[in-house]
Amino acid sequence: MRILFVGGTGIISSASTRRLAREPGKKLSLLLRGKTERPVPEGVEVLQGDIREPASVRAALGRREFDVVVDWVAFTTAHVQADIELFAGRTAQYVFISSASAYQTPPARLPVTESTPLRNPYWAYSRDKIACEELLVRAYREQNFPVTIVRPSHTYDCRSLPVHGGYTVIDRMRRGKPVIVHGDGSSLWVLTHHDDFARGFNGLLGNPHVLGEAFHVTSDELLSWNQIHELLAAAAGTEAKLCHVPSTTIASYDSAWGDSLLGDKTHSMIFDNSKLKRAVPGFAAAIPYAEGARETLAWYDADAARRQVDAGTDALMDRLAAAQARALG
């Protein structure tokens, strides 16, 4: 199977790259603009090209055709339209990486399935992904463009912390300072280790029965945001002093943080993975977040250079904590 990843070294994609590199009968190529922080596994071909410059892609690919093309870095309809023009007729399957944040927000009912409506009035990122999906569905219906849509939810690796501010939050925990948790911290969330994502995702590649279909790929573990912060604190060898602040208040102080909350994380999300499990028999997420949190903190603690504190975020959290204390009087 000849597979092309546009990207392939990011948080979500790197585990899929590693797994495919070990699978017999799979020939994986990565289209990359330049060097990457995460190493490319042995046996994986690297092609130099910028997906935003179609001429450079055509030069890098030549006359090659593929069984599967996955674009990990398409975010707008312009990106997707360029992909359709580049890969129509030269791949048997094109996989678009959408987002579970495209689902109806807030959800009218749980669990979320692939037939849940797509609507997110709060976050431009999600609306762009919805528009990309709509363009690809039209291309499938009208041109038989062989698309499969995948909607990851919150996927992490050892380098990524699932809280706004990243390591700044861990530093605050270790210094005994309050950490900001939106709402009352009881809304439910799903965190998926990228190795678990890869198990499900890779099973969709080259499968002719999934063309024209959409799938989300997530863990089945449900955690409240309070639990997520407490698991991180335990992995960091400390305790978390939680300061609960309404999402709307956070948004009034920082619009980007607020958009990511009101457009996604504020609302409980529970996913039904039955469709994926039918398409990829035997798939099951195996890594609980307690284990993932320990892996992440071990990565940060292994090198002091990784433990970067953002002074602006730290000061913002101080202001939010002080404002909430005043509000509670």
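No lab work stands behind these numbers, since they all come straight from the coordinates. Remember, predicted model here, so these are calculated numbers, not experimental data. Note that each Cβ is placed from the backbone with ideal geometry, even for glycine, and that neighbours are counted across all protein chains shown.
Per residue, the Cα convex hull of the chain amounts to 137 Å³. Principal-axis analysis of the Cα atoms of the chain puts helix 311-328 at an angle of about 50° to the longest axis. Couplings 3J(HN,Hα) of segment 190-203, computed from phi: 10, 10, 10, 5, 5, 5, 5, 4, 4, 4, x, 4, 4, x Hz, in residue order, whole Hz [Karplus 6.51 cos²θ - 1.76 cosθ + 1.60, θ = phi - 60°; x for Gly and Pro]. Compared with the dominant Cα axis of the chain, that is its longest principal axis, helix 77-87 is turned about 30°.
Which value at 222 nm does the chain reach when only helices count, each DSSP H run of 4 or more adding -39,500 (n - 2.57), with the total divided by all residues and rounded to the nearest 500 deg cm²/dmol? Walk me through the numbers on the way to the answer.
Working: 12 runs with 127 residues, N = 329.
Helix contribution divided over all residues of the chain: -11500 deg cm²/dmol.
Report, in debye and to the nearest 20, how large the dipole of segment 80-212 comes out about its Cα centre when Lys and Arg carry +1 and Asp and Glu carry -1 on their Cβ.
On the way: 14 positive and 12 negative charges, 85 e Å.
Computed charge dipole of segment 80-212: roughly 400 debye.
Karplus-derived 3J(HN,Hα) values for segment 166-181, using 6.51 cos²θ - 1.76 cosθ + 1.60 with θ = phi - 60°, are x, 5, 4, 5, 5, 4, 5, 4, 5, 8, x, 8, x, 10, 7, 10 Hz; glycine and proline are entered as x. When the chain is treated as a GNM with alpha-carbon contacts under 10 Å, the residue of Gln48, Gln104, Gln143 showing the greatest mean-square fluctuation is Gln143.
Note down the magnitude of the dipole of segment 161-228 about its Cα centre, charges +1 on Lys and Arg C-beta and -1 on Asp and Glu C-beta and zero elsewhere, to the nearest 20 debye. Write out the running numbers ahead of the final one.
Working: 5 positive and 7 negative charges, 96 e Å.
Roughly 460 debye for segment 161-228.
Distant-in-sequence amide contacts of Leu188, defined by a placed amide H-H separation under 5 Å and a gap of 5 or more residues or a different chain, comprise Ser268, Met269.
Which of rounded, prolate, oblate describes segment 1-90, given a ≥ b ≥ c as roots of the alpha-carbon gyration tensor eigenvalues and a/c under 1.5 marking rounded, otherwise prolate only if a/b is larger than b/c? Walk me through the numbers on the way to the answer.
On the way: a/c = 1.67, a/b = 1.35, b/c = 1.23.
Prolate is the answer for segment 1-90, as a/c is 1.5 or above and a/b outweighs b/c.
Projecting the Cα atoms of Gly312, Val280, Thr296 onto the charge dipole of segment 278-329 (Cβ charges, centred on the Cα centre) puts Val280 farthest toward the positive pole. Note that segment 170-307 carries a Kirkwood radius of 17.0 Å, evaluated over its alpha carbons pair by pair. The angle between the Cα long axis of helix 289-301 and the longest principal axis of the Cα atoms of the chain comes to about 80 degrees, rounded to the nearest 10. The label point for Ala284 and the one for Ala88, both projected 7 Å from the Cα toward the Cβ, are 4.4 nm apart.
Let a ≥ b ≥ c be the square roots of the eigenvalues of the Cα gyration tensor of segment 244-329; is it rounded (a/c under 1.5), or, if not, prolate (a/b larger than b/c) or oblate? Don't skip to the answer; put the middle values down first.
Numbers: a/c = 2.92, a/b = 1.46, b/c = 2.00.
Verdict is oblate for segment 244-329.
Longer than 29 Å from Cα to Cα, which of Lys27/Lys265; Lys35/Lys129; Lys35/Lys277; Lys26/Lys265 are they? Say none if no pair is. Table pairs above 29 Å Cα-Cα are Lys27/Lys265; Lys35/Lys277; Lys26/Lys265.
Charge dipole (Cα centre; +1 on Lys/Arg Cβ, -1 on Asp/Glu Cβ; no other charges) of the chain amounts to roughly 280 debye. Residue exposure proxy: Ile270, Ile97, Ile3, ordered by other Cβ atoms within 10 angstrom of their Cβ from fewest to most, comes out as Ile270, Ile97, Ile3. Distance from the alpha carbon centroid of segment 229-289 to that of segment 39-66 works out to 34 angstrom.
Quick check: from the Cα gyration tensor, does segment 197-261 come out rounded (a/c under 1.5), prolate or oblate? Walk me through the intermediate numbers first.
Values: a/c = 3.95, a/b = 1.75, b/c = 2.25.
In terms of gyration-tensor shape, oblate.
As a test, work out the antiparallel percent of DSSP beta bridges whose residues both lie in the chain, rounded to the nearest 5.
Working: 3 of 37 bridges.
Antiparallel bridges: around 10 percent, rounded to the nearest 5.
Here the label points at Arg58 and Lys177, each 7 Å from Cα along the C-beta direction, are separated by 5.3 nm in the simple model. Dipole of the chain computed with +1 at Lys/Arg Cβ and -1 at Asp/Glu Cβ about the Cα centre; of Pro41, Trp123, Ser16, farthest Cα towards the positive end is Pro41.
Sorted fewest first by neighbouring Cβ atoms within 10 angstrom, His164, His194, His244 come out as His244, His164, His194.
Highest GNM mean-square fluctuation among Ala293, Ala55, Ala251, for the chain modelled with Cα contacts below 10 Å: Ala55.
Local charge sum around Glu114 (other residues, Cβ-Cβ under 10 Å, Lys/Arg +1, Asp/Glu -1)? Before the final figure, lay out each step's value.
Numbers: positive: Arg151, Lys275; negative: Glu213, Asp272.
Result for the neighbourhood of Glu114: 0.
Amide H to amide H, with H built 1.01 Å from N, Leu31 comes under 5 Å of Phe5, Val6, Gly7, Leu47, counting only residues 5 or more places away or on other chains.
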